[in-house]
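S.K.: Okay, here's the structure, questions in a sec.
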Amino acid sequence: AIRQAVFDIRRTARWLSGQESIDKEKIGICGTSLGGFVAALGAGVDGQFSRAVFLLAGGDLATVLSTDVKEIRGIKEEIARRGIDKNHLQELLSCIEPLNFSDRLSTSKVLMINGESDPIVPSECAKKLAESAGAHLQWYATDHYGMVKYMIPAVGQVCAHFSAKNW
């Protein structure tokens, strides 16, 4: 499903760039939570997005999938049931690991917005992607679900990042 999502992202970007009414130099990408991981992966694989925003996302999927949060529990239990250790998990996830493609974002303007106390996407995972992608990382004093309190300023940052004057 993740690989298909990346194919769809790339296909959509190519289609948009072929439209007369679209400036192909001004095609960006944005994703939140799992969509942020997929957007980071798609942008990295493609390497052609001028601007990107990843909210509540990061890199190092093996670490994310080893947390104790309820959202991950079923996946973590299945990984343990299959006897997969963290090194093997990293190997299995390598083709969809955003960090493995984030160096291709060096020519993009990347904004990341994350919660400082997010147990779903630990701050270390957000920092890894931000550093690797050369992203500006904006922290909010909240967790994954508490970000809803900051929706207005976060959406304002996203809009400013993609505003016509910033391209």
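Throughout, read-outs are computed from the coordinates displayed, never taken from laboratory work. Keep in mind that this is a model prediction, so the values were computed, not measured. So basically every Cβ, Gly included, is an ideal-geometry build from the backbone, and we count neighbours across all protein chains shown.
S.K.: Do any strands (runs of 3 or more DSSP E) entirely within segment 51-167 hold 2 or more residues that are surrounded by 17 or more Cβ atoms within 10 Å (Cβ to Cβ) and among the hydrophobic types (A, V, I, L, M, F, W, C), and if so, which?
M.R.: Hits in segment 51-167: 51-55, 109-115.
S.K.: Also: Which residue is surrounded by the most Cβ atoms within 10 Å (Cβ to Cβ), if the candidates are limited to segment 38-50 and must be in contact (Cβ under 8 Å) with a residue 40 or more places away in the chain and not in a helix (DSSP H, G or I)?
M.R.: Ranking the qualifying residues of segment 38-50, first place goes to Phe49.
S.K.: Quickly run through segment 1-36 and pick out the residues that are without any contact (Cβ under 8 Å) to a residue 24 or more places away in the chain, surrounded by 13 or more Cβ atoms within 10 Å (Cβ to Cβ), part of a helix (DSSP H, G or I) and not small (Gly, Ala, Ser).
M.R.: Thr12, Arg14, Leu16, Lys24, Leu34
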